[in-house]
Amino acid sequence: MIEIRNLSKEFQTADGTVEALKGVNLTIQDGDIYGIIGMSGAGKSTLVRCINMLERPTEGQVLIDGEDIGALPMAGLRKIRREITMIFQGFNLLMQRTCLKNICFPLELAGVSKADAKKRAMELLEIVGLPDKANAYPAQLSGGQQQRIAIARALATDPKVLLCDEATSALDPKTTHSILELIRDINRRLGISVIIITHQMSVVEEICSRVAILDEGRVVEEGLVSEIFSSPKSKAAKRLVFPEGADEILLETKGERRIRVVFSGAVASREPLIAKMAMEEQIAASILGASTRSIGDKAYGNMLLGINGDDATVRRAMEYLRSIPDVLVEEVTDHV
Amino acid sequence: MFDKLFAQETIEETLRIVQNEFPLGIWETVYVTIIATAIAIAIGLPLGVLLVAGEKNGVLPLPKGVMQVLNVVINLLRSVPFLILMIMVFPLSRLIVGTTVGTVASIVPLVIASFPFVARLVESSLREVNPNIIEMAQSMGASPLQIIMKVMIPESVPSLLSNFTIAITTILGYSAMSGAIGGGGLGKIAISYGYNRYKYLVMLLAVILLVILVQIFQSVGTRLAVKSDKRLKGR
């Protein structure tokens, strides 16, 4: 378990003191995939760097399984960093080493013998699906492949926690999806907690179970992803859930019942969902806002439907939509 | 002065000098250059590492005073013209080698003149290393020494090799200059025949050989640098 307690970080710049984090409190349970989302400049990168003390917080503590890692001596901190490894937006592979040697790198640091390190690295190449790239150099790989090597390297020391700092931001949607699948797979198979820092709501909705929304150095909202999706309360959360300003449309459509449909990998792209609902159930729905993407033949994202009708109609519509696999349906009530 | 440059007797005399003196001259120039470069790198590399790692935001921050002294010493040595520096280090040459004259004795001033230059070259190579990669190493629990030995130096090998090539060609030039005040090699031949005895053809040939040596060092160095760079093996 990771507990972040009252964490603050100030930077001294030429223009004075900048408060990057202001009293952040978060608890991340073992085995979670936890999202930390915010616009650029919200303090996400600083927060993730405070979790492994790459940045020393000005105030507050980070407890890993109850241990205050800020109070550890340097040698102890280096040891604990093997248990909280990190992947980055820019992959940060060693360009003059082969993929195999890159994965061996953290093991070399930890003093593991060469033969054992190599054996472990080969296993990890297998896990990330690139067993044939052992002797390739990073420059010969695509971005997605480089990130897979970086993930293998981050797993080499059997960490408890994997920190992902905008790990998919440099990748195209399809590659992003496959990297997120890999991270989910690792989380399930190896039981490693994952903290995902991102500015993309799509990443959070695809993979995270809980999310914290960071705005101007503060956590403005925290909870289950489905909760925050169906009823974002803070301004920052609304901005992230409705990136195109769909909430402004909402304000004008009074009297209408609203349903949020969240696609998390539903095979929906081929089905004319709304048209079918109109035909089969005679329910007319208008699309108030949508932010969906198709990756392969699967749909991700969310859609806000407006329905004119009584409770029974709305219930029927929700039941109809729920019958489709991998679709979450919620009525939006406490919005506005 | 060049009117009898290619006269029959000049050519015959020159050929004789070439046969008698040049093999040793080439050998002396090559080995002085290589040994002086090797020692200059042995001293300059760690200093260059300190210049980068010892900074306030470096991986191994050193006290500000230490960094200032280091910088001042390097700049001081770099600002003294080589010919004058050579004379100034005569006492040191005598202390180390026992004499101030000869090929071996010239290694001392060559090293003194070139290690600060090498340190600056190393500094610039190491600054090219992506700071995100250093952060990555820190995030994996690397110690400062591990970051220097396993990240900073290996990642800048191609750049270091091209900079060491610059160093070796510069030191070759210095070694020729040392011929003016007691050093051996092709420089001495060019100066003693061309300047002191008006045998310009000999000087010309010595200079051509120096040019060829520079070309060889440069192209071998460039080839090694390119070959070592794994970033260029992309598609």
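Nothing in this text is a laboratory measurement; each read-out follows from the coordinates by a stated rule. On a predicted model such as this, the values are computed, not experimentally measured, just so you know. Neighbour counts run over all protein chains shown; Cβ positions are idealised from the backbone, glycine included.
Under a GNM of chain B (C-alpha, springs under 10 Å), which listed residue has the highest mean-square fluctuation: B:Gly58, B:Gly102, B:Gly184?
Of B:Gly58, B:Gly102, B:Gly184, the Gaussian network model singles out B:Gly58 as fluctuating most.
If we count other beta carbons within 10 Å of each Cβ, what is the order of B:Val59, B:Val101, fewest first?
B:Val101, B:Val59
Can you list, bin by bin at 10 Å, the percent of alpha carbon pairs in chain A, starting at 0?
Taking every Cα pair in chain A, the percentages come to 5, 23, 29, 23, 13, 5, 1.
Check which residues have an amide H placed less than 5 Å from A:Ser8's amide H, if you skip close sequence neighbours.
A:Gly23, A:Val24, A:Thr58, A:Glu59, A:Gly60
If you line up the long axis of helix A:99-109 against the longest principal axis of chain A, both from Cα atoms, how many degrees apart are they, to the nearest 10?
60 degrees
Can you tell me how the stretch B:87-235 classifies by the Cα gyration tensor, rounded, prolate or oblate, using a/c under 1.5 as the rounded cut? Display every interim value, and only then the final one.
On the way: a/c = 4.53, a/b = 1.89, b/c = 2.39.
Oblate, since a/c reaches 1.5 and b/c is not below a/b.
When DSSP beta bridges are limited to those with both residues in chain A, what percentage is antiparallel, rounded to the nearest 5?
70 percent
For the pair A:Glu227/A:Ala284, report the inter-label distance in nm, with labels modelled 7 Å from Cα in the Cβ direction.
Taking the simple label geometry, A:Glu227 and A:Ala284 are separated by 3.7 nm.
Based on the alpha-carbon gyration tensor of the protein assembly as shown and its eigenvalue square roots a ≥ b ≥ c, which shape applies: rounded if a/c is under 1.5, prolate if not and a/b is larger than b/c, or oblate?
It comes out prolate by the Cα gyration axes.
At a 10 Å Cβ-Cβ cut-off, how would you order B:Ser124, A:Ser202, A:Ser286, fewest neighbours first?
Neighbour counts put them in this order, fewest first: A:Ser286, B:Ser124, A:Ser202.
Quick check on my link table: of A:Lys101/A:Lys160; A:Lys79/A:Lys235; A:Lys174/B:Lys230; A:Lys174/A:Lys276; B:Lys188/B:Lys230, which ones sit more than 32 Å apart, alpha carbon to alpha carbon?
Pairs exceeding the cut-off: A:Lys79/A:Lys235; B:Lys188/B:Lys230.
For the Cα atoms of chain A, what angle does the longest principal axis make with the long axis of helix A:143-155, in degrees from 0 to 90, nearest 10?
Between the helix axis and the principal axis of chain A, the angle is about 60 degrees.
When A:Met95, A:Met318 are ordered from fewest to most other Cβ atoms inside 10 Å of their Cβ, what list results? Please report the intermediate quantities before stating the final value.
Working: A:Met95 21, A:Met318 18.
In increasing order of surrounding Cβ atoms, one gets A:Met318, A:Met95.
What nm distance separates the two modelled labels at A:Asp65 and B:Arg127, each placed 7 Å from Cα along Cα→Cβ?
Result for the modelled spin labels: 4.4 nm.
Note down the relative contact order for chain B as a percent, whole number, built from C-alpha pairs under 8 angstrom at least six residues apart. Intermediate results must be reported in sequence, preceding the final value.
Working: 283 pairs, mean separation 61.3, N = 235.
Relative contact order comes out at 26 percent.
Does anyone have the angle between helix B:200-228 and the longest principal axis of chain B? Alpha-carbon axes, 0 to 90°, nearest 10?
Roughly 20 degrees between the two axes.
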